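The values are calculated or read from the model by the stated rules, or taken from the named source; none is laboratory data. Just so it is clear, the structure is predicted and the values come from calculations on it, not from any experiment. Because the Cβ atoms are built from the backbone with ideal geometry, glycine has one as well, and the counts that use them run over all protein chains shown. For accessibility, only protein heavy atoms count, side chains too; no ligands or nucleic acids. Shrake-Rupley method; radii C 1.70, N 1.55, O 1.52, S 1.80 Å.
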Amino acid sequence: MICLGIEATAHTFGVGIVSDKGGVLADARDVFRPKAGWGLIPIEVASHHKEVWQDVLNSALERAKLSLKDIGLIAFSQGPGLPPCLKVGLEVAKKLSSENKIPIIPVNHCIGHIEIGKLQAGLEDPVTLYVSGGNTQVISLIDDYYRVFGETQDIGIGNALDKFGRETGLDFPAGPKIESLAKKGKYIELPYVVKGMDLSFSGIVTEALRKSKNGIPLEDLCFSLQETMFAMLTEVTERALAHVGKNEVMLTGGVAANHRLGEMLDVMCRERGARFRCVQKEYSGDNGSMIGLVGMLMYKSGNIPKDIDIKPRQRTDDVEVTW
Ligand code: ATP
Ligand code: FE2
């Protein structure tokens with residue numbers, strides 16, 4: 001079976017084509033870039049997606065050397081995400097489905113990250129640390145659900161980094177810039193906020209910005225933000241790992257590109273005798289292939305939801321893992 005996956009939860013419009021025999025056959029995407037100093041404005045991102053969807057679709061089909069006639073299933077990301085963006089994904093999926101008589105299946109975005117990560121990193125049953133713009137979660141599969149063991153109580157870690165960057169004049173996305181500035185910084189104490197298994201980032205950003213206004217060098221703040229926030233993530237991941245008794249850790253999401261975060265998790269895993277894998281950049285960010293992959297797994301296991309709609313606040317543990 002060949003499944004076409006459509007991703008449109010936030011800034012990325014992505015189309016991936018996956019097969020149950022050959023894995024990912026093609027992956028195309030177009031990422032909306034906001035004006036300098038601006039965050040994502042949902043309706044602007046949605047109009048970007050409306051402009052690019054056809055080209056992205058065509059290039060995925062071309063790369064796979066396939067046409068819509070070869071597609072047996074269409075999967076789309078139903079949430080969590082920005083409603084105007086999700087709607088574009090849904091509309092494209094419905095149009096392709098009705099015009100070509102192809103069944104359609106809704107997919108949870110976060111589960112997409114986990115499944116494509118497992119496939120790409122060669123892991124069986126990891127504790128996953130999923131860190132992106134809007135999401136920060138520690139997840140593991142228990143009794144047929146991807147349970148969330150710890151998560152942010154306010155903003156995602158990527159958004160926290162981007163917010164700090166926006167206020168201090170760094171380009172969007174600020175994560176990579178902060179990572180390179182941090183190499184020249186020294187440690188300054190910032191609040192360390194772990195509450196039970198949950199995390200909170202917005203107060204740390206507020207304090208770092210206050211220190212910035214008081215003349216603390218940007219390099220030092222970048223270094224200290226990373227050390228503090230990543231230590232929090234590592235602590236919660238380690239406790240989840242001990243609790244579920246597994247021996248694999250997977251790092252994914254856009255922030256997984258950060259080498260310092262990977263290094264901290266790697267050290268923690270070595271000390272516990274666990275395997276650590278970071279998902280390759282190509283498949284750690286938002287992409288259509290992860291949606292196609294989960295759509296196919298759901299469909300083949302007979303899990304075909306009747307409710308074809310967006311779910312902007314859908315949670316990872318709302319979806320039963322039937323595959
Ligand atoms: P979501 O998946 O929650 O919808 P998103 O689509 O915004 O969020 P991704 O594309 O997965 O997220 O990741 C983007 C985020 O990753 C941005 O916040 C960016 O600053 C951050 N990021 C990218 N590279 C790095 C890096 N090297 N270090 C830290 N953060 C990074
Ligand atoms: Fe994502």
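Yes/no per residue for (1) closer than 22 Å to Gly134 by Cβ; (2) not in a helix (DSSP H, G or I):
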{"position": "Met229", "(1), (2)": "yes, no"}
{"position": "Val236", "(1), (2)": "yes, no"}
{"position": "His243", "(1), (2)": "no, no"}
{"position": "Gly262", "(1), (2)": "yes, no"}
{"position": "Cys269", "(1), (2)": "no, no"}
{"position": "Ile291", "(1), (2)": "yes, no"}
{"position": "Gly295", "(1), (2)": "yes, no"}
{"position": "Ile310", "(1), (2)": "yes, yes"}
{"position": "Gln314", "(1), (2)": "yes, yes"}
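Which ones in the range 1-48 are of a type in the set (Ser, Thr, Tyr) and in a loop (DSSP other than H, G, I, E, B)?
The first filter runs over the range 1-48 and keeps only residues of a type in the set (Ser, Thr, Tyr), leaving 9, 12, 19, 47.
Thr9 - this is the single residue of the range 1-48 that is of a type in the set (Ser, Thr, Tyr) and in a loop (DSSP other than H, G, I, E, B).
For the range 108-125: of the residues being within 15 Å of Ala256 (Cα to Cα) and buried (at least 24 other Cβ atoms within 10 Å of the Cβ), which is nearest to ligand 2 (Cβ to nearest atom)? Reasoning before the result, please.
Keep residues of the range 108-125 that are within 15 Å of Ala256 (Cα to Cα), which gives 110, 113-114, 116-118, 120-121.
Within this subset, residues satisfying the condition of being buried (at least 24 other Cβ atoms within 10 Å of the Cβ) are 110, 113-114, 116-117.
Values: Cys110: 7, His113: 6, Ile114: 11, Ile116: 11, Gly117: 11 Å.
Only one residue tops the list, namely His113.
Hey, among the residues in the range 281-312 that are away from ligand 1 (no atom under 13 Å from the Cβ) and of a type in the set (D, E, K, R), which one's most open to solvent (accessible area, probe 1.4 Å)?
Lys306
Answer yes or no: is there a residue in the range 191-198 that is within 15 Å of ligand 1 (Cβ to nearest atom) and within 29 Å of Asp318 (Cα to Cα).
Keep residues of the range 191-198 that are within 15 Å of ligand 1 (Cβ to nearest atom), which gives none.
The answer is no; no qualifying residue exists.
Does the range 196-213 include one or more residues that are in contact with a strand residue (DSSP E or B) (Cβ under 7 Å, 6 or more places away or on another chain), within 19 Å of Phe230 (Cβ to Cβ) and among the β-branched types (Val, Ile, Thr)?
Start the filter on the range 196-213 by keeping residues that are in contact with a strand residue (DSSP E or B) (Cβ under 7 Å, 6 or more places away or on another chain), which leaves 197-201.
Checking which are within 19 Å of Phe230 (Cβ to Cβ) leaves us with 197-201.
If we keep only those that are among the β-branched types (Val, Ile, Thr) too, we end up with none.
No, because not a single residue in the range 196-213 is in contact with a strand residue (DSSP E or B) (Cβ under 7 Å, 6 or more places away or on another chain), within 19 Å of Phe230 (Cβ to Cβ) and among the β-branched types (Val, Ile, Thr).
Looking only at the range 100-114, which residues are assigned to a helix (DSSP H, G or I) and under 13 Å from Leu4 (Cβ atoms)?
Selection gives Asn100 alone.
Kindly list the number of the only condition in (1) away from ligand 1 (no atom under 13 Å from the Cβ); (2) assigned to a loop (DSSP other than H, G, I, E, B) that fails for Pro173.
(1)
Consider the range 138-162. How many of its residues are within 13 Å of ligand 1 (Cβ to nearest atom), at pLDDT 95 or above and open to solvent by 20 Å² or more (accessible area, probe 1.4 Å)?
We begin by selecting, within the range 138-162, every residue within 13 Å of ligand 1 (Cβ to nearest atom); these are 151-152, 155-162.
Remaining after also requiring at pLDDT 95 or above: 151-152, 155-158, 160-161.
Now narrow it down to the ones that are open to solvent by 20 Å² or more (accessible area, probe 1.4 Å): 151-152, 155.
Counting residues in the range 138-162 that are within 13 Å of ligand 1 (Cβ to nearest atom), at pLDDT 95 or above and open to solvent by 20 Å² or more (accessible area, probe 1.4 Å) gives 3.
Tell me which residues, restricted to the range 237-262, are acidic (Asp, Glu) and touching a Phe, Trp or Tyr at 6+ places or on another chain (Cβ under 9 Å). Step through it out loud before you land on a result.
Kept after step one, since they are acidic (Asp, Glu), are these residues of the range 237-262: 238, 248.
Across the range 237-262, the qualifying residue is only Glu248.
Please enumerate the residues belonging to the range 278-307 that are within 17 Å of the chain's Cα centre (by Cα) and among the β-branched types (Val, Ile, Thr).
Val279, Ile291, Val294
Please verify whether the range 13-31 includes one or more residues that are open to solvent by 40 Å² or more (accessible area, probe 1.4 Å), more than 20 Å from the chain's Cα centre (by Cα) and over 27 Å from Trp323 (Cα atoms).
As a first pass, look at the range 13-31 and keep what is open to solvent by 40 Å² or more (accessible area, probe 1.4 Å): 20-22, 24-25, 29-31.
Imposing the further condition that a residue be more than 20 Å from the chain's Cα centre (by Cα) reduces the set to 20-22, 25.
Narrowing further to those that are over 27 Å from Trp323 (Cα atoms): none.
Within the range 13-31, none of the residues are open to solvent by 40 Å² or more (accessible area, probe 1.4 Å), more than 20 Å from the chain's Cα centre (by Cα) and over 27 Å from Trp323 (Cα atoms).
Checking the conditions here, which among Lys95, Lys118 is more than 14 Å from ligand 1 (Cβ to nearest atom), free of Cβ contacts under 8 Å to residues at least 40 places away in the same chain and not in a strand (DSSP E or B)? Let's see the steps before the verdict.
Details: Lys118 fails: free of Cβ contacts under 8 Å to residues at least 40 places away in the same chain.
Answer to the check: Lys95.
Yes or no: Pro84 within 24 Å of Arg313 (Cβ to Cβ) and in contact with a Lys or Arg (Cβ under 7 Å, 6 or more places away or on another chain)?
The answer is no for Pro84.
Within the range 16-24, can one find any residue that is within 16 Å of ligand 1 (Cβ to nearest atom) and under 19 Å from Gln78 (Cα atoms)? Give the steps one after another, and end with the answer.
Filtering the range 16-24 for residues within 16 Å of ligand 1 (Cβ to nearest atom) gives 16.
Then drop every residue that is not under 19 Å from Gln78 (Cα atoms), which leaves 16.
There is at least one residue in the range 16-24 that is within 16 Å of ligand 1 (Cβ to nearest atom) and under 19 Å from Gln78 (Cα atoms).
Looking at Cys222, Cys278 in this structure, which one is more than 22 Å from Ile116 (Cα to Cα), surrounded by 22 or more Cβ atoms within 10 Å (Cβ to Cβ) and not β-branched (Val, Ile, Thr)? Step through it out loud before you land on a result.
On the way: Cys278 fails: more than 22 Å from Ile116 (Cα to Cα).
Just a single option satisfies the conditions, and that option is Cys222.
Pairs only if they're at least six apart or on different chains, beta carbon under 7 angstrom, first in the range 244-269 and on the phi > 0 side of the Ramachandran plot and touching a residue at least 12 places away in the same chain (Cβ under 8 Å), second among the polar types (S, T, N, Q) and surrounded by 21 or more Cβ atoms within 10 Å (Cβ to Cβ); list them, first residue then second.
Filtered contacts from the range 244-269: Gly253/Ser132; Gly253/Asn135; Gly253/Ser284.
Of the residues that sit in the range 239-254 and are of a type outside the set (Gly, Ala, Ser) and surrounded by 20 or more Cβ atoms within 10 Å (Cβ to Cβ), which one is nearest to ligand 1 (Cβ to nearest atom)? Before you say what the answer is, go through the steps one by one.
From the range 239-254, those of a type outside the set (Gly, Ala, Ser) are 239, 241, 243-244, 246-252; that's our starting set.
Within this subset, residues satisfying the condition of being surrounded by 20 or more Cβ atoms within 10 Å (Cβ to Cβ) are 241, 248-252.
Values: Leu241: 22, Glu248: 21, Val249: 18, Met250: 14, Leu251: 12, Thr252: 8 Å.
The residue in question is Thr252.
If I ask for residues that are within 14 Å of ligand 1 (Cβ to nearest atom) and in a loop (DSSP other than H, G, I, E, B), which ones from the range 121-137 would you list? Explain how you work it out, then say what you get.
Here is the first cut: in the range 121-137, the residues within 14 Å of ligand 1 (Cβ to nearest atom) are 128-137.
Residues satisfying the conditions are Ser132, Gly133, Gly134, Asn135.
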